[in-house]
Amino acid sequence: MSIYRGSAKNKNYMKQFTFTMVTFVIAKLCTAQNSGNINYINGVRYPDQNIEVAFPGGKNLLATVSGMANIKADSCIAIFSVSQTAKTAEEINSLIDGRINQAVEQIRNKTKTRIYIDMISFVPVYEYEVDKKIFSKKTYNEVPAGFELKKNIHIKYSNPNHLNEIVTILSASEIYDLVRVDYFSNNMEEVKRELMTKARTLMQEKLKTYQLLLGKKLDTLEKQIADGYKAVLPVEMYRSYQAYNSSSLNATKAKMVSQADKSTTLYYQPVIDKEFDFVINPIVFEPVIQVMYEIKLNIVLEKEKPVNPQKEYILLTPNGDMKNLNLSSIRN
């Protein structure tokens, strides 16, 4: 019986090969994690948010420039919902006003905010009473049981960190329902002018390129122009997300499998800037107001006039010679 014993060189080669493969696998795993767990969801596609500015079809030259600006909000308004139930109108007003006034006073003392209380609804609530009758089924009658009062608290703030303090104060008064947060900017007109100026500069550069490619000037040709703006707020751009996890156990049909609950949350998905010619403030670190602008220029190209062939008249002389007749000179 013979035993094969590899040389030291072969052993070193196998160690190097194993180390290389392990390093490659780890690198691939780390690279995949950088993309996020959302890629495990099938069919994830980012929606096209470009502005629709259309021209009628034809064989004309169409030049397009689109841009986007990411604007940090100057102020925000958070809306919290409050509800209260009680037996009487006096009791319900006392209870809900006590909760709201205590929280509002603390918020104003700790933060620079403006607060508005919005009345939503004040309706009666009912319960059922059982009416028992002999030789018949039970009858359930609806009777008044009290009242339900709903109000919204609108809180305007400029510092995003104030929202954490506001939530803490409101939760002490049993106010937990944050309905929405709206974002506002004071320089929207300036941003729109900047977008228009930048787009106009790029359009002129495109037209110069088209002139070089076509070998003809476009200044004197007939043109049609159309442009438009579109603004997207952060509240519109949140998407639902469920944490990806699953078991690799292949259970048979006879087994009872109890699936664990998958955590569902939301994440902010801004408009992707892949389709724009230019972007102002391209790095999106926090929810922002996104303003888009697009301009389209339709250039009517001149059609080449067809050349009308001139008719030639030939005179055959008695001697058999052929002579061209110039009718224009004869007419003159």
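The values are calculated or read from the model by the stated rules, or taken from the named source; none is laboratory data. All of these numbers come straight from a predicted model, not from anything done at the bench. Heads up, the Cβs are rebuilt from the backbone with ideal geometry, glycines too, and the neighbour counts pull from every protein chain shown. Keep in mind that these areas ignore ligands, DNA and RNA; they rest on the heavy atoms of the full protein, side chains included. Shrake-Rupley method; radii C 1.70, N 1.55, O 1.52, S 1.80 Å.
At a glance:
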read-out	value
Selection count, segment 123-137, where residues are in contact with a Lys or Arg (Cβ under 9 Å, 6 or more places away or on another chain) and open to solvent by 100 Å² or more (accessible area, probe 1.4 Å)	1
Thr168 being more than 25 Å from the chain's Cα centre (by Cα), farther than 30 Å from Leu95 by Cβ and in a helix (DSSP H, G or I)	no
Selection count where residues are among the aromatic types (Phe, Trp, Tyr) and more than 30 Å from Gly98 (Cβ to Cβ), scope segment 114-155	3
Which listed residue, of Val232, Val181, Val167, is of a type outside the set (Lys, Arg), surrounded by fewer than 16 Cβ atoms within 10 Å (Cβ to Cβ) and either farther than 29 Å from Cys76 by Cα or at pLDDT 90 or above (or both)	Val167
Selection status of Glu194, assigned to a helix (DSSP H, G or I) and within 23 Å of Ile107 (Cβ to Cβ)	no
Whichever residue in segment 235-262 is among the polar types (S, T, N, Q) and modelled with pLDDT under 65 and, among such residues, is most open to solvent (accessible area, probe 1.4 Å)	Asn250
